[in-house]
Every structure is written in structure tokens, then in C-alpha cells.
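The values are calculated or read from the model by the stated rules, or taken from the named source; none is laboratory data. Computed from a predicted model, the values in this text were never measured in an experiment. Note that we place each Cβ from the backbone using ideal geometry, even for glycine, and neighbour counts take in every protein chain shown.
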């Protein structure tokens, strides 16, 4: 697990109250802005605010304080037409009713532990901890009441470049969902004027614990409701190995080669090309729901390219860069048409996630990179989603 002993130097401005407020980065000439508006109240009566980060090239990212959920990302196609490229729900009530119950986690911040922990058990320094199971016999995405069901504190961040940022903070008490240690988590969403969207995670604890943070946005570059979903979108993964799973979707512990398997995306191919191949791994997960091991050295910013996604119809492109060792690619295998957003009914293969993170079940897998976080350490991680357009026609 990557840790750092310093905090990025950011000065947080005071949060202005009231709907429809625009936050400009005072003292700078760039056009990026953040606006806010009310998004209703939770079932328990907590007010929820919707924020939109906007870049001067037209790209915008909307998210809400409930679960840090990314509700919309607008990017231009090859004709300059803006369109939403993520699966979403129209109302806060839809998120509260369906996101956890139906296991979709649309756009949410995931913690304390993203992905699965086998049997809901792990051991630290000889002491075994039990956490609730919510995926048959496993704990999934932090348990039944993970970070995605809490209202986060949101503040704008004053920056020194062509970027607009917001910091989301959550206090997780000792024993939250069975995890040890009082934890403070800050996630910073940033959008540059050229449309690069970054997610920076930072956390600290007062007891030894385990941690795995990610975001669960479902991308669909053709837009929600596209006729073939993501099946025709072209994917390339910078990964020569992946972590195969048992029927329970818990890793076997192996780092298997992708060569000669449906998991080989080292050269670009459509997501749908091998999705229905006769393969036990695809059978277990009902499609792709696996962790790929990211290859290669990091760049000067500490990032490696994990994935490139292209839509041949709209021309939209997406590049994912991260400092994490793995990326979980999930092809929305359990969407069954029972939920939707606006005029779209969401079906299997209507979206794809790039959940940059540590490997699943890492606390119980001694050969995997550690997810342990100790008092006095600061966990820091960063992922960048770079949006673009290809002028090549289909």
C-alpha cells in the first residue's frame, strides 16, 4: 500500500451556503468553476448537495455529498456535442433505494475496503477481526454500510493552477463495520481546464487497520441507453497478468498470465469480443469482474497507464492512469433491466468500471501487496481519468 508522510499543500476555502452558488478560483484567470445546488434529503433527513466541476473545454463532472457519488460526466463527441458518459439515477431516493439493494454502487466512493474480503475475516498482529458479510459469504465494498451510504463534508479547494477542486471528508469511527481504528478520509476531486479529472485519496488511522479505497463509476462512452452498451467499445489494458478467482469470486492467490485467454487486452479489442467465451472465470463472474495487475514503471507523476477505452461511434476516448497496483474491470454483469435512469433501462454490459485499487482479499493473501495502514502513516493515492476525442470514423 502506498503511503506518504506529507500532505499536499492545499488551502481550503470556506464553503459558501445556499443553492446555485458558483465557486471561482479567486486570483486566477482560468475558467474552471464549481457550482452547487440542493439534491434533496436522505431518508433520515440529512440534506444532500449536488456539485458540478466545469472546465473551459466543456467537460464537467457532477457529484453529490451522499457517498461522494459521481452522478454525471459530460464530454464532447467528435462533432463537439456534449453527452453524459456514466450510468446514473435521476434522484437521491433512487440511489438510496437501489444502489446498495441492487448491488450497483453507481459512481460511489468505496471503503473502508473496496472489493471482497473472504468470509468477512482478516487478522492483524494475531488478532482476528470479523466484518459483516453482504456478498454471500464475503464482505463486499466495506460491508452493508460502507462509505457510499454516508453524507460527506465537502469544501472547495483553493489551487494555484488551471484546476478546480473539492475536498470530501468523512470520519469513520473505531469499529465501523468491524474495522479497527478511528479513520479520517479525505478524497479530492479535481478537474483541469483541459478536462483531466483526478481523484486523490488520503487517510490516517489511530490503530493498525486495513484499507482499500476506490470509485465505482460505470462508464459508457456512447451514453446511457446506447444500443449495444459497451460491447463495441474498444479496450486496452496495460496488464500481462490478472488475479483469477474461485467460484466465490475470491482470488486464488495466483498472478496468472492473460496470454491465450479472454483476459488479454494488451492489444486493443472490443469488450464484447471474448465476453461470452467458454471460460470458467467468465462463468464465475457472469462476465468480466476481475483485477488486472498493472504493468510498467510509473511516470514522473507516479502514475501508470492502466486502461484506454474508445467508442467507435461517438469518437469519445477515456484514459485511466493510477499509482495503484491493480484495476478491477467490471462489465455490469448483474444489471438485469430492473433499474434505470431517465429514459434508459440498465442491462448487463451497459457500463464498465475501472476500479483502481489493491487486489481483492489482500488482507488474507500474503503474496499480495499489503493494504495495512498504521498509526502515524498517511495513505495517499491518485487516479486520473483523461477524456478525449478520436477523429477517426468507425
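For the stretch 320-333, filtered to residues that are more than 28 Å from residue 102 (Cα to Cα) and under 14 Å from the mean Cα position of the chain (by Cα), the residue that is surrounded by the most Cβ atoms within 10 Å (Cβ to Cβ) is 322. Against the test of being assigned to a strand (DSSP E or B) and farther than 18 Å from residue 223 by Cα, the options 370, 356 yield a single qualifying residue, 356.
Looking across the stretch 80-118, the residues that are without any contact (Cβ under 8 Å) to a residue 60 or more places away in the chain and surrounded by fewer than 24 Cβ atoms within 10 Å (Cβ to Cβ) come down to 80, 81, 82, 91, 92, 93, 96, 97, 99, 100, 101. When the residues of the stretch 71-91 are filtered to those that are over 19 Å from the mean Cα position of the chain (by Cα) and assigned to a loop (DSSP other than H, G, I, E, B), which remaining residue is farthest from residue 190 (Cα to Cα)? Going through the qualifying residues, I end up with 79.
Quick check, is residue 68 closer than 27 Å to residue 82 by Cα, in a strand (DSSP E or B), modelled with pLDDT of 95 or more and in contact with a helix residue (DSSP H, G or I) (Cβ under 9 Å, 6 or more places away or on another chain)? Considered against the rule, which asks whether it is closer than 27 Å to residue 82 by Cα, in a strand (DSSP E or B), modelled with pLDDT of 95 or more and in contact with a helix residue (DSSP H, G or I) (Cβ under 9 Å, 6 or more places away or on another chain), residue 68 comes out as no. Among the conditions (1) over 22 Å from the mean Cα position of the chain (by Cα); (2) part of a strand (DSSP E or B), residue 376 misses just one, which is (2). Within this structure, residue 154 fails the test of being at pLDDT below 95 and either assigned to a strand (DSSP E or B) or touching a helix residue (DSSP H, G or I) at 6+ places or on another chain (Cβ under 8 Å) (or both). The lone criterion from (1) free of Cβ contacts under 8 Å to residues at least 24 places away in the same chain; (2) within 30 Å of residue 109 (Cβ to Cβ); (3) under 23 Å from the mean Cα position of the chain (by Cα) left unmet by residue 256 is number (3).
Scanning the stretch 156-182 for residues that are under 22 Å from residue 70 (Cβ atoms) and crowded, with 17+ Cβ neighbours inside 10 Å yields 156, 157, 159, 162, 163, 164, 165, 166, 167, 168, 170, 172.
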